[in-house]
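Novice: Please see the structure below; I have some questions.
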Amino acid sequence: MLKKIYLFLFVVPISLAAKAQSADSVYSKYLDFNLARFQGEVDKLKDLGEALLPSADKLPEKAKINFYFAIGQVYENNDQPQKALVYYEKVAAAVPDYYVAHRGIGYIYLAQANEIGNKMRAATDATINHKLMADYEIMVRKALPHLEKAQACDPSDETLDAIKTFYKNLKDTNGLNTLDARLKELGKHCIDLLEDK
């Protein structure tokens with residue numbers, strides 16, 4: 001029995017120290033990623049970020065959210081919007097009033113909707129066009145809440161035009177008529193900077 005107690009007292013501190021060291025190592029990788037980001041070393045960012053991704057859950061919560069947004073930007077800037085979307089959505093779920101993530105999500109969906117719209121204009125088959133219209137509506141409905149949050153917090157003529165065009169294309173006069181009231185309500189709670197500590 002005494003041996004078990006000694007063994008327990010010996011193993012627990014070592015495992016706690018290893019865990020703390022592992023967390024320190026992850027945070028060190030996070031600091032390296034941020035240093036490269038702030039120094040504009042874009043050629044290093046993707047590799048540093050992807051090296052950190054498997055252990056990002058060990059970062060403190062605010063640092064993790066900040067990292068997810070940053071790696072989302074890296075992917076978006078490297079023409080990988082689907083990968084960016086994954087991390088922007090994590091940020092928006094964790095910090096719903098951070099409108100910058102919503103802008104990223106909204107514009108990724110906007111690009112996808114526009115791509116579907118181009119296919120619709122080129123399609124000559126009614127069945128294919130009907131399917132594309134359904135896909136277009138799904139994508140627009142995904143984009144709208146994010147674009148509206150971004151517009152409410154940081155008004156932009158480009159974003160407002162996209163929102164209005166979407167409602168017109170969907171023939172959603174109610175959505176268009178209630179837009180100003182929604183924007184006013186959404187604009188009450190806006191966060192424009194993420195904290196990492």
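The values are calculated or read from the model by the stated rules, or taken from the named source; none is laboratory data. Since we're looking at a predicted model, the values are computed, not measured. With ideal geometry, Cβ positions are generated from the backbone for all residues, glycine too; neighbour counts draw on all protein chains shown. To get the accessible areas, we keep the full protein, side chains included, count just its heavy atoms, and leave off ligands, DNA and RNA. Shrake-Rupley method; radii C 1.70, N 1.55, O 1.52, S 1.80 Å.
Novice: With the full set of protein chains in place, find how many percent of the accessible area of the chain is carbon and sulfur; take the probe as 1.4 Å.
Specialist: Of the solvent-accessible surface of the chain, carbon and sulfur hold 57 percent.
Novice: Grab the Cα-Cα distance for residue 51 and residue 193, subtract it from 0.36 nm times how many residues apart they are, and report the gain in nm with one decimal.
Specialist: Separation in residues times 0.36 nm, less the Cα-Cα distance, equals 48.6 nm.
Novice: Still on this model: With all pairs of different alpha carbon atoms counted, what Kirkwood hydrodynamic radius in Å does the range 145-197 show?
Specialist: After inverting the pairwise mean of 1/r, the radius is 11.8 Å.
Novice: What number of lysine-lysine pairs in the range 31-163 show an alpha-carbon separation below 13 angstrom, given a sequence spacing of 8 or more or placement on distinct chains?
Specialist: 4
Novice: Okay, moving on. When the dipole is taken about the Cα centre of the chain, and only Lys, Arg (+1) and Asp, Glu (-1) are charged at their Cβ, what size is it in debye, to the nearest 20?
Specialist: 740
Novice: Okay, next question. How are the C-alpha pair distances of the range 12-129 spread across 5 Å bins, as whole percents from the shortest bin up?
Specialist: In order of increasing distance, the bins hold 2, 11, 17, 17, 16, 11, 8, 6, 5, 3, 2, 1, 1, 0, 0 percent.
Novice: Right, another one. Put a dot 7 Å past each Cα toward the Cβ at residue 138 and residue 185; how far apart are the dots in nm?
Specialist: Using points 7 Å along Cα→Cβ, the separation is 2.7 nm.
Novice: Taking θ as phi - 60°, what are the ³J(HN,Hα) couplings along the range 115-120 by the Karplus curve (6.51, -1.76, 1.60), each to the nearest whole Hz, with x for Gly and Pro?
Specialist: Rounded to whole hertz, the list is 5, 5, x, 5, 5, 5.
Novice: Just one of (1) 82, 54, 30; (2) 79, 42, 40; (3) 58, 46, 21 is Cα extents along the principal axes in Å calculated from these coordinates, so which is it?
Specialist: (2)
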